[in-house]
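To keep things clear, I will list the structure first and then write my remarks on it.
The values are calculated or read from the model by the stated rules, or taken from the named source; none is laboratory data. Since the structure is predicted, the reported quantities are computational estimates derived from the model, not experimental observations. Cβ placement follows ideal geometry from the backbone for every residue including glycine, while neighbour counts extend to all protein chains displayed. The area values use the complete protein model at the heavy-atom level, side chains included, leaving out ligands, DNA and RNA. Shrake-Rupley method; radii C 1.70, N 1.55, O 1.52, S 1.80 Å.
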Amino acid sequence: MFPETAQCLKAAAPLFSQTVLLKDLSRLSTHGGGSHLQARRHLSISRCLTTKVRPVRTPRERVEIPGLEAVTYGEKMHYVPGLSKPFHPQWERSYKDPGHYRSPPAHEMPLFKDRSCFVFNQRTSALEGVLQALWLTKTKLIPSLPPQLLSLSENPANQIPDQDERVQNAIKHARFWDTTEERPGKERYSNTMMVNLLHLCATLQSSHPAIGRRIQAEKCSLATTWKRGEDLFQIRGQNGLLHTCMDPLPEVSGKQEVSDTADHVLETFYPVSPTINLQKVNVYKEEINCSGFRDDYPYPHAHTLFFLEGADANCKLRPDQFRAKMLMFTFGNALVRAQKLYGPQRVLDRPVTVQAVGTNGRIFQFMVFQLNTTDLSGDDGIKNQVWLDEDVELYDFAKVRPLIKRKQVKVPAGLAGYKPEVFSKFLSLYLHGAV
């Protein structure tokens, strides 16, 4: 023990018994610490560290007796023992001050309804993940991307010159060259990598002019309503980075495949309720349908939604819940567009297709959603379709310094384990509708 410990024990002597103090000092002297005590200044403890919790004061009930007037000390302008406290009505401003606005009770609001609505927003963590999102959207899951979509990047005419080298440079820029930090945060390098990959794909505009008929939009709000069974559901919130275009995406599956979805049985997760973890509200707009853009917007069709796993520092979702969020917002954009194009039509003559890409900077999630019907009340009939390729690694490691264990280099410094087929999937989704 250090010599300063003995001085602290001396200062705290009133807290301990004399026998314990003598034992500690004798133990210090055996190690040579008690004989070399230095006169230094130390903070001592002279009282107990715990305090009593102040009881919660319950407000007194105001009693009013008809025919009797309470005698208060209001005219005295100061407290007088024995007199009651004066009652002053709530002061109301003659003008509107947003900083001191008090909302009325929910049941007094004009949008209050007795029927509850369940809302899915960008921070919702669905307990059952993708399985719950499939039931809410009445969708059939296909566990891989469509083959005709993957074949787009296999054509040499649709590939970028020096593709693998330029993709690796884009990864290195996001992980090593974009910052002077020893280890940049995930939310930083994932956003930089997504922008780099999109910029790399946009270089094909000279050979594919249809890419110039697209635009990117950020933080656009989405709101749509649908009925599932006897419950009312809404999707509200901001999309990720949204790629919109002038022309709609072509449908992925034909009419025969769409009609075959009627035989598909939706998987349930009984006894868990499908509305678990959804926000339950009674103040809402009924039949709301908003894509975040005006009706005369020249790029009305949603092409691809890009989600970043660490974009919101206050909300971290697990991988399955992150994929459920991707599915719900992809469905919401498709539903908004279908209701504006076809109105109350149930089975769509031309399905609406929307894509989604999610990443945390290394692992990618690819999704293609096709809305075949807006009749979502029952479990029978035509189902929607989603193709999902999950947990695809673009590379294995990106180390600023090598990982050394037992004097052996396990992982070298720099980029290791790059997988070119993953970027080919990214490029296929980007070129969908432009080839």
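Annotations for the structure displayed:
- Sole exception among (1) surrounded by 20 or more Cβ atoms within 10 Å (Cβ to Cβ); (2) at pLDDT 95 or above; (3) touching a strand residue (DSSP E or B) at 6+ places or on another chain (Cβ under 8 Å) for Glu393, by number: (1)
- Taken over the range 377-395, residues that are part of a loop (DSSP other than H, G, I, E, B), in contact with a Leu (Cβ under 9 Å, 6 or more places away or on another chain) and among the charged types (D, E, K, R) amount to 2.
- Restricting the range 400-435 to residues that are closer than 18 Å to Gly361 by Cα and open to solvent by 70 Å² or more (accessible area, probe 1.4 Å), the residue that is modelled with the lowest pLDDT: Val400
Residue by residue, here is whether (1) touching an Asp or Glu at 6+ places or on another chain (Cβ under 8 Å); (2) touching a residue at least 60 places away in the same chain (Cβ under 8 Å) holds:
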| residue | (1), (2) |
| --- | --- |
| Ile160 | no, yes |
| Glu165 | no, no |
| Phe176 | no, yes |
| Thr180 | no, no |
| Lys186 | yes, yes |
| Tyr189 | yes, yes |
| Thr192 | yes, no |
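- In the set (1) open to solvent by less than 10 Å² (accessible area, probe 1.4 Å); (2) within 25 Å of the chain's Cα centre (by Cα); (3) β-branched (Val, Ile, Thr), the condition left unmet by Val130 is number (1).
- Any hit, the range 103-118, residues being of a type in the set (A, V, I, L, M, F, W, C), buried (at least 16 other Cβ atoms within 10 Å of the Cβ) and out of contact with any Cys (no Cβ under 8 Å at 6 or more places or on another chain): yes
Residue by residue, here is whether (1) farther than 30 Å from Lys285 by Cα; (2) outside any helix (DSSP H, G or I); (3) of a type in the set (S, T, N, Q) holds:
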position: His173; (1), (2), (3): yes, no, no
position: Thr179; (1), (2), (3): yes, yes, yes
position: Arg183; (1), (2), (3): yes, yes, no
position: Ala210; (1), (2), (3): yes, no, no
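- Qualifying residues in the range 53-102 (those that are within 30 Å of Asn282 (Cα to Cα) and charged (D, E, K, R)) - the one least open to solvent (accessible area, probe 1.4 Å): Asp97
- Taking the conditions (1) open to solvent by less than 50 Å² (accessible area, probe 1.4 Å); (2) closer than 24 Å to Asp260 by Cβ in turn, Arg346 satisfies each one other than (1).
- Sole residue being open to solvent by less than 70 Å² (accessible area, probe 1.4 Å) and not aliphatic (A, V, I, L, M), chosen from Ser151, Ser206: Ser151
- Condition met for Thr275 (in contact with a Pro (Cβ under 8 Å, 6 or more places away or on another chain), open to solvent by less than 50 Å² (accessible area, probe 1.4 Å) and either farther than 30 Å from His173 by Cα or free of Cβ contacts under 8 Å to residues at least 12 places away in the same chain (or both)): no
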